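Chemist: Have a look at this one before I ask anything.
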Amino acid sequence: MVNATLTARNTPNGYQTILSNGTLGYLADEPVADEGTGLGFSPIDLLLGSLAACKTMTVRYLARQKGWEIGEVHAELYLETERISGQSHTKIKSKMRIEGNLSADQLAQLYRAADRCPVHRILTGEMSIEEVVSF
């Protein structure tokens, strides 16, 4: 089971939002072209970043567990959303490159593991988001 809590505090500057997990904080915003300050990642960037980080970390974890030496792990994710009949249809495409002297079988195992990382499973599994309530 994965449990996490994150808080967000929006400031009057652009769309700057300070995000915190209680220990660490970072800034989200929108690009200048969208009336933000451009000083933080957009919400979509953060979503893709969460998935990319999870995939690359999972690859590194499995490689360490197996004793396989790997170099850098690179991921590129692309999000496409379109509205069809009033509903949002989103597709995330993922590319990955793993540096190291690995066999085709080892690479296949690592790529499969990336597609089973916790964030990937959350996004592709059954999920609900409860309505906003005051606190």
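The values are calculated or read from the model by the stated rules, or taken from the named source; none is laboratory data. Remember, predicted model here, so these are calculated numbers, not experimental data. Every residue, glycine as well, gets a Cβ built from its backbone with ideal geometry; the counts of neighbours run over all protein chains shown.
Chemist: Given the criterion out of contact with any strand residue (DSSP E or B) (no Cβ under 6 Å at 6 or more places or on another chain) and either at pLDDT 95 or above or in a strand (DSSP E or B) (or both), identify the matching residue among 133, 119. Give the steps one after another, and end with the answer.
Modeler: On the way: 133 fails: either at pLDDT 95 or above or in a strand (DSSP E or B) (or both).
Within the list 133, 119, the selection yields 119.
Chemist: Here are 116, 60: which of them is touching a Ser or Thr at 6+ places or on another chain (Cβ under 8 Å) and farther than 30 Å from residue 12 by Cα?
Modeler: None of the other options fit; the residue is 116.
Chemist: Pick from the range 1-24 the residues that are among the small types (Gly, Ala, Ser) and surrounded by 12 or more Cβ atoms within 10 Å (Cβ to Cβ): which of them is modelled with the lowest pLDDT?
Modeler: Taking the range 1-24 as the starting set, the residues that turn out to be among the small types (Gly, Ala, Ser) are 4, 8, 14, 20, 22.
Add one more test, that the residue is surrounded by 12 or more Cβ atoms within 10 Å (Cβ to Cβ), and what stays is 14, 20.
Details: 14: 94, 20: 97.
Restricting to residues being among the small types (Gly, Ala, Ser) and surrounded by 12 or more Cβ atoms within 10 Å (Cβ to Cβ), the top hit is 14.
Chemist: Also, quick follow-up: Can you find, within the range 89-118, the residue that is surrounded by the fewest Cβ atoms within 10 Å (Cβ to Cβ) among those that are farther than 18 Å from residue 46 by Cβ and of a type in the set (Ser, Thr, Tyr)?
Modeler: My answer is 103.
Chemist: Something else now. In the range 25-46, which residue that is of a type in the set (Ser, Thr, Tyr) and within 18 Å of the chain's Cα centre (by Cα) is surrounded by the fewest Cβ atoms within 10 Å (Cβ to Cβ)?
Modeler: Just the residues of the range 25-46 that are of a type in the set (Ser, Thr, Tyr), to begin with: 26, 37, 42.
Adding the requirement that they be within 18 Å of the chain's Cα centre (by Cα) leaves 26, 42.
Details: 26: 12, 42: 16.
Restricting to residues being of a type in the set (Ser, Thr, Tyr) and within 18 Å of the chain's Cα centre (by Cα), the top hit is 26.
Chemist: Here's something else I'd like to know. With closer than 18 Å to residue 109 by Cα, assigned by TED's automatic domain parsing to the domain that holds residue 122 and either out of contact with any Phe, Trp or Tyr (no Cβ under 6 Å at 6 or more places or on another chain) or buried (at least 17 other Cβ atoms within 10 Å of the Cβ) (or both) as the only criterion, which of 49, 86, 67 stands out?
Modeler: That would be 67, the only listed residue that is closer than 18 Å to residue 109 by Cα, assigned by TED's automatic domain parsing to the domain that holds residue 122 and either out of contact with any Phe, Trp or Tyr (no Cβ under 6 Å at 6 or more places or on another chain) or buried (at least 17 other Cβ atoms within 10 Å of the Cβ) (or both).
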